[in-house]
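J.: My questions all concern the structure below.
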Amino acid sequence: MERQVRDFLDDLEAQPTYSDSTRLAYHNDLRCYLDYLELTLNRKPRLADFNARSVASFLDTERESGKRPSTLLRRRASLRNFANYMRRHFKDWDERFENDSHLIDEAVSVPVTATRPHFLTEHQIQALWRVLEASKRPRSRRDQAILALLLECGLTVGSLVSFNLSDINLETGQLRLPSNSNRTVWVSLRDALEPMQRYLKEGRPELNYRAQEPALFISQTGGRMTRQGVWQVLRQWGHKANLPVTLSPRLARHTAAYLLVSSKRPVKEIQALLGHTNPLSTQALLRRMAPKVNEED
């Protein structure tokens, strides 16, 4: 199915009527759907898996995770356009959407509720550290540094994989954050500093097959880690730690937000760490976190 998706996206590239932002949205929507299928099926998705029921299940999951109605509608449009592309270009493509198409509409018509973010408990975090510490493999040092940064700074996975070696200063214990402005933002690492030091001393040198590779986090093939690569390693460690939920960058980000709010950090600092360009996004998150933080007090 990956090949057909690539062909569809290439077809969009050849059509001048689509803007760059629209093509990027199609790419992101289809990528999210493929990731969902791989997670639920525990294997690479096949073309036979692309049907109305799996699309509806995907949209249901997206809605329950808190996605906005506009995002759900865009996801639906992207997947339906992909289905139309398959009908136009493949004679043996059967009608997979006609009988169950109402399920897709129902999945986006249910109101989206503002659910309280889920996050890892202290016990679950300690379980992760135990399994990571038990492994002596170089990639375990890398994965521990990744998780430590995600839990301390609330980074998006896109920001995480974009870091270069020049973005961290071990002498001062600081990390340079991605910024949408011309201002350089450095933050002092706390609990994440020691795992970062161990990774750069014991992990990265063993993984780095390219002497000139600038990426901070590199894969086992020596190149920059991808978003999917980060997602996969987190899921694997969560499984090894017997977590009752799937460990993902999103869950780590929610956990970081909860820890930041619990520690009474200034709102502007939380906004900078989470990468919110709009302060209203940070304030909305604080309101959603507040009931749980108060329960813990």
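J.: Mind telling me which of the residues Ser219, Ser166, Ser140, Ser159 ends up being on the phi < 0 side of the Ramachandran plot, of a type in the set (Ser, Thr, Tyr) and modelled with pLDDT under 90? Show your work before the answer.
T.: Numbers: Ser219 fails: modelled with pLDDT under 90; Ser166 fails: modelled with pLDDT under 90; Ser140 fails: modelled with pLDDT under 90.
Exactly one of Ser219, Ser166, Ser140, Ser159 is on the phi < 0 side of the Ramachandran plot, of a type in the set (Ser, Thr, Tyr) and modelled with pLDDT under 90, namely Ser159.
J.: I need every pair where a residue in the stretch 154-170 that is closer than 16 Å to Thr226 by Cα has its Cβ under 6 Å from the Cβ of a residue that is among the acidic types (Asp, Glu) and assigned to a helix (DSSP H, G or I), sequence separation at least 6 or different chains.
T.: none
J.: In the stretch 1-30, which residue that is hydroxyl-bearing (Ser, Thr, Tyr) and outside any helix (DSSP H, G or I) is most open to solvent (accessible area, probe 1.4 Å)? Steps first, answer last, please.
T.: Here is the first cut: in the stretch 1-30, the ones hydroxyl-bearing (Ser, Thr, Tyr) are 17-19, 21-22, 26.
In the following step, the residues that additionally are outside any helix (DSSP H, G or I) were identified as 17-19.
On the way: Thr17: 120, Tyr18: 62, Ser19: 52 Å².
Here the residue is Thr17.
J.: Before we move on, is Arg288 out of contact with any helix residue (DSSP H, G or I) (no Cβ under 6 Å at 6 or more places or on another chain), modelled with pLDDT under 85, open to solvent by 10 Å² or more (accessible area, probe 1.4 Å) and charged (D, E, K, R)? Write out each step before concluding.
T.: Working: out of contact with any helix residue (DSSP H, G or I) (no Cβ under 6 Å at 6 or more places or on another chain): yes; modelled with pLDDT under 85: yes; open to solvent by 10 Å² or more (accessible area, probe 1.4 Å): yes; charged (D, E, K, R): yes.
Against the criterion (out of contact with any helix residue (DSSP H, G or I) (no Cβ under 6 Å at 6 or more places or on another chain), modelled with pLDDT under 85, open to solvent by 10 Å² or more (accessible area, probe 1.4 Å) and charged (D, E, K, R)), Arg288 qualifies.
J.: Here's a follow-up. Within the stretch 31-46, can you find the residues that are open to solvent by 20 Å² or more (accessible area, probe 1.4 Å) and modelled with pLDDT of 85 or more?
T.: Here is the first cut: in the stretch 31-46, the residues open to solvent by 20 Å² or more (accessible area, probe 1.4 Å) are 31-32, 35-36, 38-44, 46.
Within the stretch 31-46, Arg31, Cys32, Asp35, Tyr36, Glu38, Arg43, Lys44, Arg46 meet the criteria.
J.: Could you tell me which of the residues Glu194, Glu206, Glu213 is more than 22 Å from the chain's Cα centre (by Cα) and either open to solvent by less than 80 Å² (accessible area, probe 1.4 Å) or among the small types (Gly, Ala, Ser) (or both)? Spell out the reasoning first.
T.: Details: Glu194 fails: either open to solvent by less than 80 Å² (accessible area, probe 1.4 Å) or among the small types (Gly, Ala, Ser) (or both); Glu206 fails: either open to solvent by less than 80 Å² (accessible area, probe 1.4 Å) or among the small types (Gly, Ala, Ser) (or both).
After applying the criteria, what remains is Glu213.
J.: Please give the number of the condition Arg227 fails out of (1) charged (D, E, K, R); (2) in contact (Cβ under 8 Å) with a residue 12 or more places away in the chain; (3) touching a strand residue (DSSP E or B) at 6+ places or on another chain (Cβ under 9 Å).
T.: Just one mismatch for Arg227, condition (3).
J.: Another question, then. Considering (1) touching a Leu at 6+ places or on another chain (Cβ under 7 Å); (2) over 25 Å from Arg235 (Cα atoms), say which one His27 fails and leave the rest.
T.: Looking at each condition in turn, His27 falls short on (2).
The values are calculated or read from the model by the stated rules, or taken from the named source; none is laboratory data. Small disclaimer: the values here were computed from a predicted structure and weren't measured. Positions of Cβ are generated from backbone atoms using ideal geometry, with glycine treated the same way; all protein chains shown enter the neighbour counts. Ligands, DNA and RNA are excluded from the accessible area calculation, which covers all protein heavy atoms including side chains. Shrake-Rupley method; radii C 1.70, N 1.55, O 1.52, S 1.80 Å.
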